[in-house]
1. Express the accessible area of the chain per residue in Å², computed with a 1.4 Å probe while the remaining protein chains stay in the model.
2. Considering only the other residues whose Cβ falls under 14 Å of the Cβ of Asp90, what net charge follows from Lys and Arg at +1 and Asp and Glu at -1?
3. Most mobile of Arg100, Arg19, Arg67 per a Gaussian network model of the chain (Cα springs, under 10 Å)?
4. Using a simple spin-label model with points 7 Å from Cα along the Cα→Cβ vector, what separation in nm is obtained for Ser71 and Ala14?
5. Between Tyr32 and Gln122, what is the FRET efficiency for a Förster distance of 22 Å, r being their Cβ-Cβ separation, to the nearest 0.05?
6. Through the Karplus equation 6.51 cos²θ - 1.76 cosθ + 1.60, θ set to phi - 60°, convert the phi angles of the range 88-93 into ³J(HN,Hα) values in whole Hz; use x for Gly and Pro.
7. What percent do you get for the relative contact order of the range 13-103 when only Cα pairs under 8 Å and 6+ apart count?
8. Return the tail of the calculated pair distribution for the range 47-97, meaning the percent of Cα-Cα pairs more than 14 Å apart.
Amino acid sequence: QVQLVESGGGLVQAGGSLRLSCAASGRTFSVYAMGWFRQAPGKEREFVATVRWSDNIAYYADSVKGRFTTSRDAAKNTVYLQMNSLTPEDTAVYFCAVVRHSIWSNELQISARYDDWGQGTQVTVSS
């Protein structure tokens, strides 16, 4: 019931940066958190980062800590993912998703707890 549109993906060389955005529309007043997941060919979807809407507190997968930063702009109903020091292992389709009900912080990494998903944006990092 929340529509999500990702943008900002593309091709970048290793060591470079990209900034993804995800704009939400619809029942945005119900958003509890907005997060990012990614899926590489032959691999399962994995948690990347998420931000709690009420206070902009962010949570990250160990694989991206120190390199990626996510934040929200409540006025714009938008979440951003700043990706730095990219490596070929970051190559994947990146999806944003929203949680529309309160959950515990340790559940924010669980994809099944997210209610609505965007279509994804491709990020390719060349060596």
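The values are calculated or read from the model by the stated rules, or taken from the named source; none is laboratory data. As the structure is a computational prediction, the values presented were derived from the model and not from experiment. Neighbour counts run over all protein chains shown; Cβ positions are idealised from the backbone, glycine included. Remember, those area values only see protein heavy atoms, side chains included, never the ligands or the DNA or RNA. Shrake-Rupley method; radii C 1.70, N 1.55, O 1.52, S 1.80 Å.
1. Details: 6390 Å² over 127 residues.
So the chain comes to 50 Å² accessible per residue, rounded to a whole number.
2. +2
3. Taking springs between Cα atoms under 10 Å, the residue moving most is Arg67.
4. 3.0 nm
5. The pair Tyr32/Gln122 has a calculated efficiency of 0.20.
6. Whole-Hz 3J(HN,Hα) from phi for the range 88-93: x, 5, 7, 4, 4, 8.
7. On the way: 172 pairs, mean separation 38.2, N = 91.
Normalised by residue count, the contact order of the range 13-103 is 42 percent.
8. Values: 662 of 1275 pairs.
When every Cα pair of the range 47-97 is considered, 52 percent fall beyond 14 Å.
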